[in-house]
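Novice: Below are the structure tokens for one structure; questions will follow.
The values are calculated or read from the model by the stated rules, or taken from the named source; none is laboratory data. Computed from a predicted model, the values in this text were never measured in an experiment. Every residue, glycine among them, receives a Cβ derived from its backbone with ideal geometry; neighbour counts consider all protein chains shown. The area values use the complete protein model at the heavy-atom level, side chains included, leaving out ligands, DNA and RNA. Shrake-Rupley method; radii C 1.70, N 1.55, O 1.52, S 1.80 Å.
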Amino acid sequence: MCDNSALALLGGDPIITYQIPRYNSIGKEEIAAVNSVLETGILSDFLASWGPNFYGGSKVQEFEKKCTEYFKVNHAIAVNSWTSGLVCAVGAIGVEPGDEVIVSPWTMSASAISILHWNAIPVFADIDPDTYCIDPQSILKNISNRTKAIIVVDIFGQSANYVEINKIAKKFNLKVICDTAQAPGGLSMSLPSGTQGDIGGFSLNYHKHINTGEGGILVTNDDRLADNMRLIRNHAESIVEEKKHHTLVNMIGHNFRMGEIEAAIGMSQLNKLRKLVSIRQSIASQITIGLSGLKGLTLPKTAQGNEHVYYKYAMQIDPMVLEVDKFKIIEALKTEGVPGLSSRYVNVHLLPIFQNKMAYGSKGFPWISEFTSREIAYNKGICPVAEDLQDNRFFSLDLCGFEFQVEDIDLIIEAFKKVWRNLGALKKSI
Ligand SMILES: *Cc1c(COP(=O)(O)O)cnc(C)c1O
């Protein structure tokens, strides 16, 4: 590559001129698994009445058993999405309307919406700038006498600081839910990621490491919570009496059931998880070696005790060092042909639903109701670290979006180096 070639953004030739194929983990195994289900003619075998089929068809139950072994837990519960899984989890712990649940602002909106689903109030704590996961110190600052739980998000592929979080939870008698949609197959505190709290779980949506198209899996070691979640998954209200269930609290049920085809795919995908994770890890280490030393660029940090599975490769630029704003850098990288770049992550607290406090109807429920005891703020400024990262520093490369080859990554690294060589020209172009 010629050292003085102009940036594509300024009229030069781009480094990458071809499409990198979309991530695809589906192969012969999944096709065979789906066919074997189709041949039986049984695509789902759930019944919303009390009996063995209350727990789903044979593939669903087999998949759940495999998940309990893989994730080393007593219970795994398959659902039709992880959004549904989060609704089950928050319901199962018995939150009351107006109770508060602390959650990270850096997540997919479903982590916070699952709280609202039960008419409880999301309270956002700030994130740690090294891992992008919820900051235990900020959790402490946000605890009130109404706090019931913490939804911890293991963002971008690594777990949050559960050593501190679990200490806080114990002290204040809070439940911990791990949203590990982005970190299946990782490790933290020598346990599979997603199993550090009272309830955890994973998404099987097609954006994630392993997928069944749509789907999710809940994990817990607690028999009572597992029972509650299985009821919420499958029309709880119509079963509680026959089952002689121990509680009526939050026994509003749904149809969150997984079908047999998805469960069959899920088993094949689970067999591949280790391999899919190690591919992402080797891509990440190639990028880290290639980009280390570029000034003002911070590469991902793995916290002590964690194994990172690199759903995204998260980076930060230092705008003071580069003297070019991050959006310009990202634009320059994109025009060089680098795929899968995101310039931001959601700051969920800034979404209109929270800014306007409008979720159920138009009158501010559940924030304005006889059940709430204090006003919760969602203004810009409540999560300064998350907001500054978003506005000025953070960007990421999607490692679960493409089938990257070593040569593709070499070119991506070359594109970064080209942009960094041309920072002067980029600065002048503004
Ligand atoms: C993908 C994702 C979800 C939602 O999972 P679905 O299966 O798509 O419903 C929730 N939380 C996080 C952090 C996610 O990445």
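Novice: Pick out, from N142, L10, G197, the residue whose Cα sits farthest towards the positive end of the charge dipole of the chain, with +1 on the Cβ of Lys and Arg and -1 on the Cβ of Asp and Glu.
Specialist: Of N142, L10, G197, it is N142.
Novice: Leaving out ligands, DNA and RNA, what percent of the accessible area of region 114-177 is carbon and sulfur, probe 1.4 Å? Spell out each step's value before the answer.
Specialist: Values: 1050 of 2240 Å².
That fraction is 47 percent.
Novice: What are the lysines whose alpha-carbon lies under 27 Å from the alpha-carbon of K170, with same-chain residues fewer than 8 places away excluded?
Specialist: Leaving aside lysines fewer than 8 places away in the same chain, those within reach of K170 are K72, K141, K148.
Novice: A follow-up question, please. In whole Å, how far is the Cα centre of region 87-156 from that of region 203-229?
Specialist: 18
Novice: Given a cut-off of 32 Å, name the pairs among K167/K243; K301/K417; K171/K363 whose C-alpha atoms lie farther apart than that in the structure shown.
Specialist: On the way: K167/K243 36 Å; K301/K417 21 Å; K171/K363 36 Å.
Where the Cα-Cα span goes over 32 Å, the pairs concerned are K167/K243; K171/K363.
Novice: Leaving ligands, DNA and RNA out of it, report the carbon-plus-sulfur percent of the accessible area of region 201-285 at a 1.4 Å probe. Each step should come with its number before you reach the end.
Specialist: Values: 1660 of 3240 Å².
Carbon plus sulfur share of accessible area: 51 percent.
Novice: Next question. What whole-number value in Å² describes the accessible area per residue of region 311-430 for a 1.4 Å probe? Show your work: numbers first, answer last.
Specialist: Details: 5460 Å² over 120 residues.
On a per-residue basis, 46 Å².
Novice: Considering the options A359, L273, V406, tell which one lies farthest towards the positive end of the dipole of the chain, charges being +1 on Lys and Arg and -1 on Asp and Glu at the Cβ, about the Cα centre.
Specialist: Sorting the options by dipole projection puts first A359.
Novice: Return the distance in nm (one decimal) between the two label points of a simple spin-label model at E69 and S362, each offset 7 Å from Cα along Cα→Cβ.
Specialist: My value for the distance between the label points is 5.7 nm.
Novice: Could you work out the relative contact order of the chain? I mean the mean sequence separation of Cα pairs under 8 Å and 6+ apart, divided by the number of residues, in percent.
Specialist: Working: 889 pairs, mean separation 96.6, N = 430.
RCO, the chain: 22 percent.
Novice: Heavy-atom accessible area per residue, region 251-298, 1.4 Å probe: how many Å²? It would help to have the intermediate numbers written out before the result.
Specialist: On the way: 1860 Å² over 48 residues.
Ligands and nucleic acids excluded, the result is 39 Å² per residue.
Novice: If you build a Gaussian network model of the chain, linking Cα atoms that sit under 10 Å apart, which residue out of E241, E414, E262 swings the most?
Specialist: Maximum fluctuation in the GNM of the chain, among the listed residues, is at E241.
Novice: Quantify, in whole percent, the carbon and sulfur part of the accessible surface of region 1-96 (1.4 Å probe; protein heavy atoms only).
Specialist: Roughly 53 percent of what the probe reaches on region 1-96 is carbon or sulfur.
Novice: Give me the 1.4 Å probe accessible area per residue for region 61-163, excluding ligands and nucleic acids, in Å².
Specialist: Working: 2880 Å² over 103 residues.
On a per-residue basis, 28 Å².
Novice: For the chain, what does the convex hull of the Cα positions come to per residue, in cubic angstrom?
Specialist: Numbers: hull volume 64.5 nm³, N = 430.
For the chain, the hull spanned by Cα atoms encloses 150 Å³ per residue.
Novice: According to a simple spin-label model (label point 7 Å from Cα along Cα-to-Cβ), what is the distance in nm between D388 and Q137?
Specialist: If labels sit at Q137 and D388, their model points lie 1.1 nm apart.
Novice: Applying the Karplus parametrisation 6.51 cos²θ - 1.76 cosθ + 1.60 with θ = phi - 60° to the phi angles of region 7-21, what ³J(HN,Hα) value in whole Hz is obtained for each residue in order, glycine and proline being reported as x?
Specialist: With the stated coefficients, region 7-21 comes to 4, 4, 4, 10, x, x, 8, x, 6, 10, 10, 10, 7, 8, x Hz.
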